[in-house]
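A.B. asks: Quick one: the structure is below, questions incoming.
The values are calculated or read from the model by the stated rules, or taken from the named source; none is laboratory data. Please read these numbers as outputs of a predicted model, since none were measured by experiment. When we count neighbours, we look across all protein chains shown, and the Cβ atoms used for this are built from the backbone with ideal geometry, even at glycine. What goes into the accessible areas is simple: the full protein's heavy atoms, side chains included, and nothing from ligands, DNA or RNA. Shrake-Rupley method; radii C 1.70, N 1.55, O 1.52, S 1.80 Å.
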Amino acid sequence: MNRASLDKRPDEVATMFDDVAPKYDVVNDVLSMGQTRRWRKIVVDAMEVSKGQRVLDLAAGTGTSSEPYADAGIDVVACDFSLGMLKVGKRRRPDIDFIAGDATNLPFADNTFDATTISFGLRNVNEPKKALAEMLRVTKSGGRLVIAEFSQPVVPLWRTMYTEYLMRALPAIAVKVASNPDAYVYLAESIRAWPDQDHLAAWLQESGWEKVTYRNLTGGIVAVHRAFKPADSSPDGAAAAIAAHKGPVAKLRRNTVR
């Protein structure tokens with residue numbers, strides 16, 4: 001892995017996403033072989049939100065992940081650090097609130113949202129643990145967090161094949177369909193460097209989230225983590241929730257799902 005290519009400043013990453021914004025959603029569909037839409041639907045189902053509730057969608061990009069909530073009449077805020085992504089999204093969906101923001105220093109008051117979600121963006125945050133703490137802060141007591149992120153395939157042979165695709169086939173395909181192929185080399189390397197399902201679950205617990213579970217999708221290529229903010233959301237309450245956790249993180253589904 002070329003570690004230097006991962007050592008980018010936040011402004012450099014934002015510029016990279018600005019460059020790919022116009023074709024970002026189309027390219028993602030091609031590179032994932034159409035799986036992104038299915039993955040996003042599973043995230044929406046896991047959120048279990050309804051009219052009258054407010055959702056924060058972080059790393060929302062062009063708002064593709066926010067649209068199902070808006071279409072269902074749910075108040076959703078699409079937040080991203082890439083102005084280029086937000087502009088593309090706002091042109092397409094002027095009915096959605098697009099707000100520029102840093103996941104490690106969110107521009108929202110405490111206990112603002114009934115549920116918070118981030119899809120395929122946490123690994124691009126410089127300080128992901130700090131971002132998890134910020135998500136806890138802006139989520140209401142008892143509210144939920146759902147994270148979809150690339151992870152580690154659970155079958156060794158599948159893991160090897162997937163890694164080969166990431167580091168060889170994905171950049172080659174990106175050269176043909178993307179406006180900035182180097183961005184997809186960065187994304188491939190960031191996926192391979194990202195910790196596995198159990199490590200992310202541990203980070204969630206350390207940040208004060210409770211009832212942490214995850215579900216593997218497509219053999220573990222993607223994992224959907226879900227957690228809840230303790231009803232007692234004071235610092236002492238969060239510490240008690242962490243101390244009370246015993247045993248391994250519950251798995252919603254460990255194996256490949258169709």
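A.B. asks: Going down the list Lys51/Lys130; Lys41/Lys211; Lys51/Lys140; Lys41/Lys90; Lys87/Lys229, which pairs span over 25 Å between their C-alpha atoms? Let's see the in-between values first.
C.D. replies: On the way: Lys51/Lys130 30 Å; Lys41/Lys211 22 Å; Lys51/Lys140 16 Å; Lys41/Lys90 21 Å; Lys87/Lys229 32 Å.
Result: Lys51/Lys130; Lys87/Lys229 exceed 25 Å.
A.B. asks: Identify the residues of the range 119-152 with backbone N under 15 Å of a label point that sits 7 angstrom from the Cα of Lys211 along the Cα-to-Cβ direction, or state none.
C.D. replies: Backbone N within reach: 140-147.
A.B. asks: What is the extension gain from Ala202 to Ala109, computed as 0.36 nm multiplied by their sequence separation minus the C-alpha to C-alpha distance, in nm to one decimal?
C.D. replies: Residue separation times 0.36 nm, minus the Cα-Cα distance, leaves 30.9 nm.
A.B. asks: Using only the heavy atoms of the protein chains and a 1.4 Å probe, how would Ile191, Ile99 rank by accessible area, largest first?
C.D. replies: Descending accessible area places them as Ile99, Ile191.
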